[in-house]
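To start, the structure under review is shown below, and the notes come after it.
The values are calculated or read from the model by the stated rules, or taken from the named source; none is laboratory data. Only a predicted model underlies this, so the values are computations on that prediction, with no experimental measurement involved. Because the Cβ atoms are built from the backbone with ideal geometry, glycine has one as well, and the counts that use them run over all protein chains shown.
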């Protein structure tokens, strides 16, 4: 996302050999460390802190997966031409969206 301009450009810098997003990974690591410090200084039980962090990560991944599946439907329809397969390029992503949406709503239901 740093390469595309959606996030600051320095997050998209990669070394030339293996091209891992090392700066972006470091930023995520710093945020995780800061969250753990908040839990430590508020005397929150470490298990609760871990559970909250894991839930937030899981919810973020689920939302990202839903948007990616929706984008895939649009992308495949525009780009596949004669190779477009309704089952593989429409029905499967729709099933993925429905399943992830169902999972998301059960995760955040209180």
Practice prompt. Would you check which residues across segment 11-39 are in contact with a helix residue (DSSP H, G or I) (Cβ under 6 Å, 6 or more places away or on another chain) and either outside any helix (DSSP H, G or I) or loosely packed, with under 12 Cβ neighbours inside 10 Å (or both) and list them?
Written response: 13
Worksheet item: Among the residues of segment 40-63, is there at least one that is surrounded by 11 or more Cβ atoms within 10 Å (Cβ to Cβ), in a helix (DSSP H, G or I) and outside the structural domain of residue 104 (by TED's automatic domain parsing)?
Response: yes
Discussion item. Is it the case, given these coordinates, that residue 83 is out of contact with any helix residue (DSSP H, G or I) (no Cβ under 8 Å at 6 or more places or on another chain), more than 22 Å from residue 11 (Cβ to Cβ) and modelled with pLDDT under 85?
Written reply: no
Practice prompt. Say whether the condition of being touching a helix residue (DSSP H, G or I) at 6+ places or on another chain (Cβ under 8 Å), at pLDDT below 90, closer than 22 Å to residue 51 by Cα and assigned to a helix (DSSP H, G or I) is met by at least one residue in segment 66-79.
Written response: no
Worksheet item: Only one of these conditions is not met by residue 97: (1) surrounded by 12 or more Cβ atoms within 10 Å (Cβ to Cβ); (2) modelled with pLDDT under 80. Which number is it?
Response: (2)
Response to the item:
Filtering segment 1-10 for residues that are surrounded by 12 or more Cβ atoms within 10 Å (Cβ to Cβ), out of contact with any helix residue (DSSP H, G or I) (no Cβ under 7 Å at 6 or more places or on another chain) and closer than 21 Å to residue 68 by Cα leaves a count of 1
